[in-house]
Structures are given as C-alpha cells and as structure tokens.
Amino acid sequence: MNASPTPEVPAFQRSRQARESEITLDHITDDFDGNPAAMQYFYDLFRRVFIQGEALPHEGKLIGTTCIQAPDELIYAVGATPVRLCNGSYHYDQIGADFMPAKSCALVKATLGMLHSATRIPKTARPDLIVNPTTCDQKKKSSAMIEGMGYAVYDLEMPNVKESEEARLYWQRSVRQFAHKLREVTGKKLTRQNLKKAIAKTSRAQAAFRQLHNFRKSSPAVILGKDVFLITNAFFFDDIDRWSDAVEKLNAELTQRQAEGFKAAQRKAPRILFTGSPPVFPNLKLPVLIEEAGGVVVADETCSANRMLYDMTAVDEWLVNDMVDSLADKYLKPCTCPIFARNDDRKRRLLDLVASFEADGVVYQALAGCQVYEMEQKSIAEALNAQGIPMLYVETDYSPDDQGQLSTRIEAFLESIKTRKRKAAA
Amino acid sequence: MSRLGLYAAALMALLSTTVHCQDSGGTHRAEGGRPTGMAMRGNVLWLADSPPARGDGPPRSGMGGMGGMGGMGGDRSGPPVKRLWLRAGADPQKSGFAREDTEATVDMTLVTPQGKPEGEPLPPAEEGKKNLSFEMPTQGYYRLYHTTRKLQGDTLAIAVAKAEVTNFSHGATEEERSVALTAPRVLEAAPIEIVREKNPGEKLSFQLKSGEEQAFVVLQKGLPLLGARVRFVSHDGWTKEAVSDEQGRVSFQIVRDYFPSWDDFQKRFKATYLVIAEASAAESGRFKDQPYTNVRYQATLGGTYYPSPDDYRSYAWGLGLGFAFLLFCGTAVYLYRRRRVKPFQEVRFDEKH
Amino acid sequence: MRSIRDAVNQVHFNRFRFWFQLAAFVLFVYGGYLAIDLGSRLPFFSCGYNQEGRAGVCYLLPLQHQLGRPWPMLFTAAGLSILTGLGIFVLWFIFLNKGWCGFVCPLGTLQDWLTALRRGLGIRYAKYSHGQFKQMTKVKYVLLALTLLIPLGIGGGLWSHDLSPPFCLICPARMILPAFTGDFSQFTIDFSSKTAVVMTALGMMVTALFVVGSFVKKRFFCFICPMSALHYLFSKLALFRLKKDGDKCTRCGDCYRVCDLEIKEIADEVGKRDIMTDDCTLCLKCVASCPEEGALKATFAGITIFESTEAGFVRRMNKGHQP
Ligand code: SF4
Ligand code: SF4
Ligand code: SF4
Ligand code: SF4
C-alpha cells in the first residue's frame, strides 16, 4: 500500500454511505457465531474501505469495469489495474436516480451515482478508462451518461447470442479491439510474458475461489454464504495477490474446520442456492436475511461471486493471439448472464449446482427494474419446479424498507423446506 | 497431348543416356535369332515361362516368376502351379517351340525346396500339353533342369536348359523363408549349369532392372568352370560375350533395349534375357554304344528384367514440382493472412517484444 | 487406487502425449529394422512404402490391392480374404478407436510436430470458418469412396493399372515416411504413362500441401483423411471411448478451444454421452483441459481411465506461475 491509511474522518463516518455499510458489516460480523479467523482480513478491509473511507492504491493506469465481461487479464498484462465499479449502496442509488427513469435497476443507478459523487467509495483514483460491456440496455445507455460526467468510456461490444460461431468470432474481435484500446491508453503492448503472467494471476485467484467454493459442498456447512459474498465483493477492488493470499489462508482454516467436524450452520439448516441479480456490498441484505433466518447459502449463480470467478481459461498455445482468443472464449462461452437470447445454460447450471451442493431450495433475487432477470424468472422457476426444487422469487431494491416483509417471506420459505424435508425423511 | 508426349519421350531419353552409352560399346545385333558371334551348331534349347506365340511383354497373371522374380498371387486354392515351355533358338522373342529330337536322350530333373537336393524326375506333362508344369507347395527356389545328350559325329553334345523359379508368397513364416533363402541353388550332378549370382542386398521381391549389372557363374558338376564362352542375349536380341574367370564368373550389364513411343511405354514391361554358356573338352567315352572323343557342353538360363525406374522416374521433376507447389502454397497462405487483417481491421499481436 | 487415479488425472498430459507419440513413431517407422512386423491391417498410416523401417502396413494399401483384383476373383476365395482382412482391421481398430490417430499414427504425429515447429516460431495458427469446416469434413468421405471405387474400376478393366493404388499415389505418407529411413525414391514424377504422370505429380503437390497445411493448420490432413472416414464406420464397436456428462458441463468451451480439429460439439453438445465425432482423433486434449470434474472422460471397455478434474486442470494450465 503506498498511501498510508487515511486518518479517520469523522464527517465521512457520519455519511449515509458509511452508516449503511457499517450496518451491513455489523450484521455480518456480529449476528453469527464462529466466524472463521481468516475472515478478519476481509472484515477489516471493508471497514477500512467503506467505513473509514481509506484510499485504495493501484499500479499503472486504473481501468474501471462495469461488468465481469471485461477481461481483467488484459488489463493486468499491460500493467494497469482493474477495478469493478458495480455498486451496491442505497445512498448512491438515490443520487443515480437523477440519471435513470424511476423504475430502473438499482445497481446501474448506484454505479452512476457513485461515479457522479465527489467522494467515490471505494475510494480509488479517477479511472483512466471505464470499460462498459454492452450488456443490458440500462448499462448500454449509461455509457453516454458516464462520459457526460467527464470519464473516458470504452464500449466493449458484446453479442446478444452466445451459442453461434459468428457471435464467438465477433466477440473475439471485440476483445482484440479492446486490447488495442488498452495499448493506446497505457502505451504498453501485450507480450507473451506479460499476458501469461496476468493469466496466472487470475487463475491463482480462481483456483483459490474454486477451493472455497468446493468447501461449501460439505454438509453441515463449514462457511456461511454471507462471508463468501463478502470475499467475492472484495475481489472488485482489492489487490488481486493479496486477495488470493487471504482466500488461501481461509481455505487452510476451512480444511482444518472440516477435519474437526465444525458446523457453521445447523445440520438441518435448509441449504439455499442463490441466483439472480448480484448482491453487491453493502446490499447483502438478502443473503444475510436468509442466514439469519437459519438457512445457509451454499452456492450462488450471480455475477458478483460464482460467475465472476468460477470459469477458468484454457490455453492451447501460449502465444499472444491464442491467449487473447482463449480469454475471449472464457468470458463469453460459459456466461449465464440473462442478457443473452437463450438461457439454457443458466438452467443447466442451476440444476447442476442444486445437485452437487445438495441445495434444498433456490432464492432468486431480482433487482426491481432489472428486466432481464425479471423476465427469466418464470422459465427458471419452471425448470426448477419440474425437478421438484422449490424457488423463492424476491423482487427487491437497495432500500432497507422491505427488510421486515422480506424476512417474513424468507422464514416462511425456509419453514416450508424444513417441512418438506421432514416429510421426505418420514 | 502429343507435344507433351514428345517432350516426355525426349526427357526419358535424356535421363537414360547414361545407361545407353555404357552398353553400346560391346553389344551388337543378332540376326534373325541366329547368333553370329560364335559358331553354333544346332539350336539353343532353353526354358521360358511363356510360349512363343504370345511373345513377351506386360505381366500376365501367371504364377511365379523367373530369374528371381516372385509375384505370387496366392489366393487361389491349392498350391500355385508353374508352367514352363521348352524353346529353341537364341533369340528370346523369336525362338519357337523346341521340336522333338528322336536322336537325343532327354532327362528332366526338378529340384524343389522340400525335396532331395539331387532332385527328382519331373512328373510327365499332361497329354497334349506343350508346357512343363509343376506345383510349388512351399516357399523357395524351384529349379528345373532339362538335359539333352546327343552324338554328333565324334562329339557328344550335352545341353542343359535350366529355369529357376521363385515362390515367395506373403504367408510364409520367417523361418520358412530363411531356410528357403539360404538353401543351395546348385545341382551337383549337372554336367554344366549357369547360376544367377544374387546381388548384394537382394530381397525376396527382387526384380532385375535394365542398366543393372548381373553376374552369372558357370559350374560343371558343382565346380567353377574356367574359360567357358558365355553369351548374354537381351530381349531384343542384342548379344554380348564374355569368358568365365577362375570362379566361373561372368558379369553383364543388362542392356536397355526397350524404346517404345511414350504412349506405348509400360513400366511393368517384362523382358526376357537368355544366357548361354558353352565349353568343349577332349573327353572320350561311349554314348548309346557309339564312341566319342569330344564333348561339347552347353548351358542355358532364362530370366526376366524390367525397365529401370531411372528411365521413367524423375527426381528433378518430382522435387521441383514439390518445391514449387510448397512455395506457392506458402506464399498463398502468407498473402491470405496479410489480406485478412485489412478488411476487418483485425488486431493481431506481435509475438516478439 | 485413489492415488493412482489422481496421478493419472493430473498428469502433464501434453508432455505424456508427446513422448507416447514419439515412441509410437519410432516403433512404426523404424521397427522394421528390429524385425517387428505387425501385419498389414493397421488402422493408421504406417506406410507400406517405407519398406525397410515399417513395423506393419497401413490397411489402405492391401485393401486397395485386394479390391483391384479382376472381378471374377472377387467372388471366389479372394473375396473372402477381403472380408477377413477387414475383420482383422476392425479388431485392431476397436482396441484404440480413433486413439490410433491421436496417439499412434506417424502421419498424425508428424502434423503435430509441424505444429510444434510453428508454435516454436511464434506464428499463429489458421482456423477454418464454420462454413469451411462443414465442407472440409465431408471431403474425407469422398476420398474414401474414391479409394474403394477406383480399385474396383481397375479390377473391372475400366482404368489403367497405373492408377493403382489410387489413394496411395496421392497420400503424402508415401513420400514422407520412407524419407525418414533415407528412402527418397518416392519423390519422383513417373513419366511412364499419362496417368502415372498425373498421379505422381498430384502426389507431390499433396505432399507440399501437407507440409504447408499442417504447418499453419493443426491436423490439417486429418480433416480429409479417408482412414478417418473408414474409422468412423466402425467406431460404434470400439472399446476406447470418449464420454461426456452433459449435466456437469458448463459449456465453457475450454475443450473446444484446445481441440486441434475444431470440434464444436465437444463443448456445445450436452445431450449425447458418446461425444466422439467423425473428425475427432481421440487425442484427449479436451479431457485434459476441461475444468469440470468428470464432465469429459476416456473409458476403455466401460472403465474410466482418464477424466477431467479441477485439480488436473489447474496443474496443467498454470504455465505463467513463477515457481
Ligand atoms: S501411401 Fe498412405 S494409404 Fe498408402 S500405404 Fe502408405 S500410408 Fe497407407
Ligand atoms: S486421421 Fe490423421 S492420424 Fe488418423 S490415420 Fe489419418 S492421418 Fe493418421
Ligand atoms: S471444457 Fe468441460 S465444462 Fe467446458 S465446455 Fe468442455 S466439457 Fe463442458
Ligand atoms: S474432441 Fe477432444 S479428443 Fe477429439 S480431437 Fe478434439 S480435443 Fe481431441
């Protein structure tokens, strides 16, 4: 860290953003027993960054990304640092409401609001370039707005269909163009060495994530979902190597826990698979509510966690051209984002996750105004119900107002799962 | 097409000149099947694997081969059968069937790989058939000796016409083959015989090619015969003479005498050569109760040879075409790749840094 | 047992395959010098024209000769021998399935070496577009049909013997493999007849094309190889198989990414269990680069011998890690 920790700024701490973050973090740390010791790194990180407003250092140019489809590896390779700008703060959501129609996605609004604010938390330097993949309509339209705020924005063109070979080639071409753009911005070329190293950096992080992910298969659970969401949210802005170190440390602790037969949740706790719009700190409302109500989130299919880190790059020939195309493939082909025309892969992915994590039910979060998730809800529910898997569909936003109503619904859902299990056992 | 034909023929001629020149020195044309090189009384008898009327030429689906030639089909039920014809005349193409000579005595001995080394009499030919035939049930060399003895004044003429047929089909085991390959190819009892010397590195599927050197050994009762006059007659009747050395050895370069037009050229053209060895000795004895004071020995051996691949195969053209096309394809790929980058403004990366 | 299995699944697959292919190449190109003879019904290009070194003969050579017999003979015992020959070929084939291509075929190995050369020079590879791929993949059936029909025509006296054996005359292995034992006699144009000129010239051109093609395109020749087409006719019987568990597949495309034959189905098809397509060489590179536990596996007579694992993937793909 090159910037020394900023001394506490009382005025900031009293800000709505900081208070909001503090409430969430307190829930995460205090409402549960037996948090892993290695989680302390992440608790501290969030406290420093979101509550104390500590500035985040970075190397080289800073490249903001608004979606997991922007290849981090290319950014690392040219010596720049990526930071994911997707925001989960209600405070910024309200600021961002000026840019978007009232019934729009909170995440997009919050991101716009954050970029518009004088104090951007997480407190990074001003991004030298913001990469905005052309995913959903709301994100697409924010490009011009972000540009209007004085940022340099690059539209990373994404196809609407991902199965066809044409789409694949189109996307590969887009990614190459992006690499070209990065070269313009940073003045650095991709080489075999720097790209290989960058891929190694992310694949180390991915391997660590996968290990963590696999621990969640164990029953009873050795780690809670709220912690995992916190960890993957840290990936948005934390130094990648430090992040990997911390996750590896946690994995070591979990190995031990598993051997000791530790229970992070009750044996009978309903196991929940979380899907839908991404929970982004501090909006971890829904996963925290589930676990406070006695469930355990054992897996997820969201772009702030699993989808961001799970799929790994395979390279056949370690030449620049092949590595870049491989990266492009990895970002497009396994993606289960609902912006694509079809969602078969998402259904299959959910079913596989339910099976391999022995989930008892699925909670589907849709941020109000996020049309694509809202529209896919029905087909996903049908696919799950056909297999006898119950699904709770929750439409929510960043405001804390619906907490009471949500917890009632969640409790009822968990209760029904328990009843089913009892009946099945009898 | 005709132009191409001419061109190719010229090319072939060009490529084969070497073979040609070496030979032309010592060979000359025999007239009408009557060799002029040496006084030769009576006809030369020899064993051929084709009857005269049909002439020679492209391969036929006959079984077995002569002169170290294999080529067994082997898919017919029962052992392969080899047929040979006794012919008279020193020109492989023009010699006709041998006429029966009542004054002469004839012996026919067949030596087979599985039989006794001294051979056995050949089973009599089927009624009305001109050819001599025998079965070849095992792998190896089969030799047929046709010996005639005839008194001419005070001279006994002994003529041994010999044929060597190989039978190596694919089915044989390694052991069978090696036994067959190392078995002796000489008949101890033969008053005179010619043995084709195997070339170094000769394989089972050996084919003699024009332009190659081939040695023969003249033996008398299994021992080398010095000073025998040996004549080589090519398919077209070119002859060349030599005298055997102490080892009974003579060596000839197989002359190239096949010059058809390009359209008629056949690379599998099977040509027949004939080797004749003669010697006389002042030996006296009695034959059919008649005394003689001289013996004239004559041995013949027929064989086949083929056009040399050098006559029709060209490395220069093969490699030239290969390289030219390699360059062409390489350039095409290179240009294609260069061009591809343009219309789409493709971004490609430099692998070096 | 478990640890053996892990060791196999985490093997550095490309390295293993390189050595295996090298050993097979030496065996089939030089084995003849050690008097190894595995017959003449081998289901890959152990070229019969490599007279000295071959340890067995590619089945296409005797097959074309057998079919080229005079027609009446085809209906006698000779016809039967064609069937027994085919039987032996199938027996060889079902043992390794197309794995003969991915691991043993000397011509396949040579293509991989040319690929390695290109990679070493830092030249990117070429790809077919999807449309081209669909066209190319049919060529091998056309070639197979010609390989079988032309000899029949020759046997029936329709065409000259100079056309026989038709495929061998244009097969690049005829020039290239004997060259490895110092026999360059096939690098010639045969001027003995017009047919021979055309066929040998074609042969030389195909050889040149083979060299350029497999330099820029991985397994260029295998797309059009008639042996590969012949394989596919019998692949249902094979013991060695490529299996996919579609439920475990995320369609991440990693397998497709590394596939030398650009087989899209390997990633996209999630319904079929038997995933081997007609172009596949069963090189198992896809299995080695699939990150999902058990999504792809190679089985022999129903027993899994190599399967995709997360740990194996991470181990194999960690090129950039500093030790
Ligand atoms: S030339 Fe080709 S097809 Fe013929 S035997 Fe050789 S490898 Fe087989
Ligand atoms: S497909 Fe390729 S590897 Fe298989 S036999 Fe043909 S050339 Fe050999
Ligand atoms: S690599 Fe594995 S998970 Fe990915 S597409 Fe292929 S089979 Fe599916
Ligand atoms: S599908 Fe798999 S085994 Fe078949 S060729 Fe492609 S990578 Fe090799």
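Taken together, the values in this text are just the output of simple stated rules run on the coordinates, not laboratory data. Just so it is clear, the structure is predicted and the values come from calculations on it, not from any experiment. Note: ideal-geometry Cβ built from the backbone for every residue, glycine included; neighbour counts use all protein chains shown.
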Exercise for the section: With both partners inside the protein assembly as shown, how many of the DSSP beta bridges are antiparallel, as a percent to the nearest 5? Expected result: 70
Practice task
Please find, in a Gaussian network model of chain C (springs between Cα atoms separated by less than 10 Å), the residue of C:ALA298, C:ALA55, C:ALA126 whose mean-square fluctuation is greatest.
Solution key: C:ALA126
Problem - Angle between chain A longest axis and helix A:165-186 axis [Cα atoms, degrees, rounded to 10] - result: 60
Exercise for the section: Could you pull the Cα extents of chain A along its three principal axes, largest to smallest, in whole Å? Expected result: 66, 54, 47
Handout entry: Cα long-axis angle, helix C:13-30 against chain C (0 to 90 degrees, to the nearest 10)
Key = 20
Problem - 0 to 90° range, to nearest 10: angle between helix A:16-30 axis and chain A longest Cα axis - result: 50
Exercise for the section: Calculate the mean, over all residues of peptide A:191-204, of how many other protein chain Cβ atoms lie within 10 angstrom of the residue's Cβ. Expected result: 4
Practice task
For each of C:ARG241, B:ARG348, B:ARG99, count neighbouring Cβ atoms within 10 Å of the residue's Cβ, then give the residues from fewest to most.
Solution key: B:ARG99, B:ARG348, C:ARG241
Handout entry: Local electrostatic count at A:ASP245 - Lys and Arg +1, Asp and Glu -1, tallied over other residues with Cβ under 10 Å
Key = 0
Exercise for the section: Any aspartates and glutamates with Cα under 17 Å of the A:LYS421 Cα? List them, leaving off those in the same chain fewer than 8 positions away. Expected result: A:GLU358, A:ASP360, A:GLU411
Problem - Per-residue mean of C-beta atoms belonging to partner chains within 10 Å, peptide C:189-200 - result: 6
Practice task
Please label the shape of chain C as rounded, prolate or oblate, based on the square roots a ≥ b ≥ c of the eigenvalues of the alpha-carbon gyration tensor (a/c under 1.5 means rounded; beyond that, a/b larger than b/c means prolate, else oblate).
Solution key: prolate
Practice task
Out of all DSSP beta bridges with both ends in segment B:138-294, state the antiparallel percent to the nearest 5.
Solution key: 95
Fill in the blank from the handout: Ordering A:25-35, A:407-417 by per-residue average of other C-beta atoms within 10 angstrom, highest first, gives A:407-417, A:25-35
Completion exercise
Highest GNM mean-square fluctuation among C:LEU202, C:LEU296, C:LEU42, for chain C with Cα springs under 10 Å, belongs to C:LEU202
Completion exercise
Proximal lysine pairs in segment C:14-232, meaning Cα under 19 Å and 8 or more positions apart or interchain, come to 13
Problem - Net +/- balance of residues flanking C:HIS12 in space, Cβ distance below 9 Å, scoring K and R +1, D and E -1 - result: +3
Completion exercise
Comparing A:ALA144, A:ALA205, A:ALA259 in a Gaussian network model of chain A (Cα, 10 Å), the one with the largest mean-square fluctuation is A:ALA259
Exercise for the section: Taking the Cβ of C:MET199 as the centre, find all other residues whose Cβ is under 10 Å away and add up their charges (Lys, Arg: +1; Asp, Glu: -1). Expected result: -1
Exercise for the section: Could you please rank B:PHE134, C:PHE180, placing first whichever residue has the fewest other Cβ atoms within 10 Å of its Cβ? Expected result: C:PHE180, B:PHE134
Practice task
Using +1 at the Cβ of each Lys and Arg and -1 at the Cβ of each Asp and Glu in segment C:14-232, identify which of C:PHE191, C:GLY213, C:ILE88 lies farthest towards the dipole's positive end.
Solution key: C:GLY213
Exercise for the section: For peptide A:328-334, compute the average count of partner chain beta-carbon atoms within 10 Å of each residue's beta-carbon. Expected result: 5
Exercise for the section: Work out the charge dipole of the protein assembly as shown with +1 on the Cβ of Lys and Arg and -1 on the Cβ of Asp and Glu about the Cα centre, then indicate which of C:PHE240, C:ASN318, A:ALA144 is farthest towards its positive end. Expected result: A:ALA144
Exercise for the section: Would you kindly enumerate the cysteines in chain A that have no other Cys beta-carbon under 4.7 Å from their beta-carbon? Expected result: A:CYS67, A:CYS86, A:CYS136, A:CYS303, A:CYS335, A:CYS337
Completion exercise
In debye to the nearest 20, the charge dipole size for the protein assembly as shown, taken about the Cα centre with +1 at each Lys and Arg Cβ and -1 at each Asp and Glu Cβ, equals 880
Fill in the blank from the handout: Using the Kirkwood radius over Cα pairs of segment A:99-142, the Stokes-Einstein translational diffusion coefficient at 25 °C and 0.890 mPa s, in µm²/s and rounded to a whole number, is 213
Practice task
Please order C:TRP92, C:TRP100, C:TRP19 by the number of other Cβ within 10 Å, starting at the fewest.
Solution key: C:TRP19, C:TRP92, C:TRP100
Problem - Sequence-separation-based contact order of chain A, relative, with Cα cut under 8 Å and 6+ spacing, percent - result: 17
Completion exercise
With +1 at each Lys and Arg Cβ and -1 at each Asp and Glu Cβ, the charge dipole magnitude of segment C:14-232 around its Cα centre, to the nearest 20 debye, comes out at 1020
Problem - For q = 0.06, 0.08, 0.09, 0.10 Å⁻¹, Debye-computed log10 I/I(0) when each Cα of the protein assembly as shown counts as one equal scatterer - result: -0.64, -0.87, -1.02, -1.18
Exercise for the section: Once you have a ≥ b ≥ c as the square roots of the Cα gyration tensor eigenvalues for segment C:241-318, tell me rounded if a/c is under 1.5, and otherwise prolate or oblate according to whether a/b is larger than b/c. Expected result: rounded
Exercise for the section: Let me have the relative contact order for chain C, percent, based on Cα pairs under 8 Å that are six or more residues apart. Expected result: 20
Practice task
Could you tell me which of B:ALA98, A:ALA38, B:VAL333 has its Cα farthest along the dipole of the protein assembly as shown towards the positive end, charges placed at Cβ (Lys, Arg +1; Asp, Glu -1), taken about the Cα centre?
Solution key: B:VAL333
Practice task
With N denoting the number of residues in segment C:59-99, provide Rg(C-alpha) divided by 2.2 N^0.38 Å, to two decimal places.
Solution key: 1.30
